[in-house]
Amino acid sequence: MTTAIPAVIALDAAPATRAETASAPVALPRNWYMLAESREVSRGKLVTRKIADREIALFRTQAGVLAAFDGHCAHMGCHLRHAAVIGENLRCALHFRHIDKQGRFLRPDGTPSPDLRQPTYPVAERHGMIFVHVGGEPKHDLPMPDIVSAEEFMARPAGEFRTDTPWYALIANGFDMEHLLSVHQRELKEEAQVSYPDTWSYRIAYRTAVTGTSLADRVMKRMSRNDIRASMTVISGTTMLVQSHAGPSPSIFILSMCPQEGGETLVRGIVGLKAGRSRILDGLKLRLAQWLFKSFLARDYGIFEGLQWHPPAHRHSSGDRFTHQLYDYFMQIEGAGPAPSEGFRTQGIGS
Ligand code: FES
Ligand SMILES: [Fe+2]
């Protein structure tokens, strides 16, 4: 039997206001972030990226080793966007000091100087994407699907987009069971299930049927025989793992919400599937999965403009209860702490 989540709030309680919704989650969670595609950082290349209020310099040495530094030189603060990769080191543009990939400043004879160090970030590369960890040592590995084994999982970058919506509003949208019907034209076939796969993740799993009639809806309906099983897992606040069975093979999206200044978010993602025997066929399946997912997300775009997200006032519908659980999860997310160069900027000389 098909049951939609009740959209109407019961009338037996006193009206609630937004005042009870408390504070916003941390601006920058401690987590892995997708900061660039591998092809953007070839050997000898340096790029800089912003995440919240911090700058990160990302480079690949001539031997192919990746490194991520605080974006300003620890010597006197030159922006490392002007630096050059020289062999295995980075050369700052202001005084030509060389910094090795571990962040050690080198003396002219090539030995490390003991009294100056460039702050570094853990960096990893997978599926054509470069991940940087912000907020000290990683407490977990890079996100991976669990409906496909690591050996069978094949993925590639799926582009990026910027929105004026904060990271937690984007995540909350993925967990909003009520808008599945009103915005995405997907009807829940049974009550969604919530779980906590580990101490940093929150998951919701559900089955839906298509009620829309667009081309993507019709393709989805046919592929899935109108029975789409999907789960959304949020990992350390800003990573979203989307796993769905809508056809013969599962499709997977891993999205990284990179907070930007002014409450904006830059979303980067990868799309993946269970690899088959034909690379050509796998490539076509990836394209189809990406198109279907983008068509699904396109319905959110306009509505998101100007959104000031907060948890719902009541918990009368199951959708509202899930969102409140998500909000409780958000409030436990650990922040990344100050940027390495933040101390000097805020304290100034001599303090
Ligand atoms: S500021 Fe970078 S070497 Fe002096
Ligand atoms: Fe949505």
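Tabulated results
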{"read-out": "Flag for ASP198 being without any contact (Cβ under 8 Å) to a residue 24 or more places away in the chain, acidic (Asp, Glu) and under 26 Å from VAL26 (Cα atoms)", "value": "no"}
{"read-out": "LEU273 being surrounded by fewer than 17 Cβ atoms within 10 Å (Cβ to Cβ), in contact with a helix residue (DSSP H, G or I) (Cβ under 8 Å, 6 or more places away or on another chain) and outside any helix (DSSP H, G or I)", "value": "no"}
{"read-out": "Count of residues meeting criterion [assigned to a loop (DSSP other than H, G, I, E, B) and either in contact with a His (Cβ under 7 Å, 6 or more places away or on another chain) or within 16 Å of ligand 1 (Cβ to nearest atom) (or both)] in region 290-311", "value": "1"}
{"read-out": "Tally of residues being charged (D, E, K, R), more than 16 Å from ligand 1 (Cβ to nearest atom) and within 21 Å of the chain's Cα centre (by Cα) across region 45-78", "value": "4"}
{"read-out": "Lone qualifier among SER249, SER317, SER256, SER278 - being buried (at least 18 other Cβ atoms within 10 Å of the Cβ) and over 21 Å from the mean Cα position of the chain (by Cα)", "value": "SER317"}
{"read-out": "Pairs where the first residue, in region 58-87, is closer than 15 Å to ALA339 by Cβ and the second is away from ligand 2 (no atom under 16 Å from the Cβ) and hydroxyl-bearing (Ser, Thr, Tyr), C-beta under 6 Å, 6+ apart", "value": "ALA68/TYR121; PHE69/THR120; ASP70/SER341; GLY71/THR48; HIS72/SER341"}
{"read-out": "Any hit, region 256-274, residues being hydrophobic (A, V, I, L, M, F, W, C), modelled with pLDDT under 95 and farther than 27 Å from ASP141 by Cα", "value": "no"}
{"read-out": "Unique residue being away from ligand 1 (no atom under 16 Å from the Cβ), surrounded by fewer than 19 Cβ atoms within 10 Å (Cβ to Cβ) and modelled with pLDDT of 95 or more when the list is SER195, SER182, SER149, SER236", "value": "SER195"}
{"read-out": "Matching entry among ARG299, ARG321, ARG268, ARG315 (being touching a residue at least 24 places away in the same chain (Cβ under 8 Å) and closer than 24 Å to GLU191 by Cα)", "value": "ARG299"}
{"read-out": "Given (1) free of Cβ contacts under 8 Å to residues at least 40 places away in the same chain; (2) surrounded by fewer than 20 Cβ atoms within 10 Å (Cβ to Cβ), number of the condition LYS285 does not satisfy", "value": "(2)"}
{"read-out": "Region 127-144, residues that are within 14 Å of the chain's Cα centre (by Cα) and surrounded by 19 or more Cβ atoms within 10 Å (Cβ to Cβ)", "value": "MET129, ILE130, PHE131, VAL132, HIS133, VAL134, PRO143"}
{"read-out": "Given (1) within 13 Å of ligand 1 (Cβ to nearest atom); (2) exposed (fewer than 13 other Cβ atoms within 10 Å of the Cβ), index of the condition GLY110 fails", "value": "(1)"}
{"read-out": "Subset of region 246-278 [under 20 Å from TRP167 (Cα atoms) and not aliphatic (A, V, I, L, M)]", "value": "PHE253, SER256, CYS258, PRO259, GLN260, GLU261, GLY262, GLY263, GLU264, THR265, ARG268, GLY269"}
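The values are calculated or read from the model by the stated rules, or taken from the named source; none is laboratory data. Remember, predicted model here, so these are calculated numbers, not experimental data. When we count neighbours, we look across all protein chains shown, and the Cβ atoms used for this are built from the backbone with ideal geometry, even at glycine.
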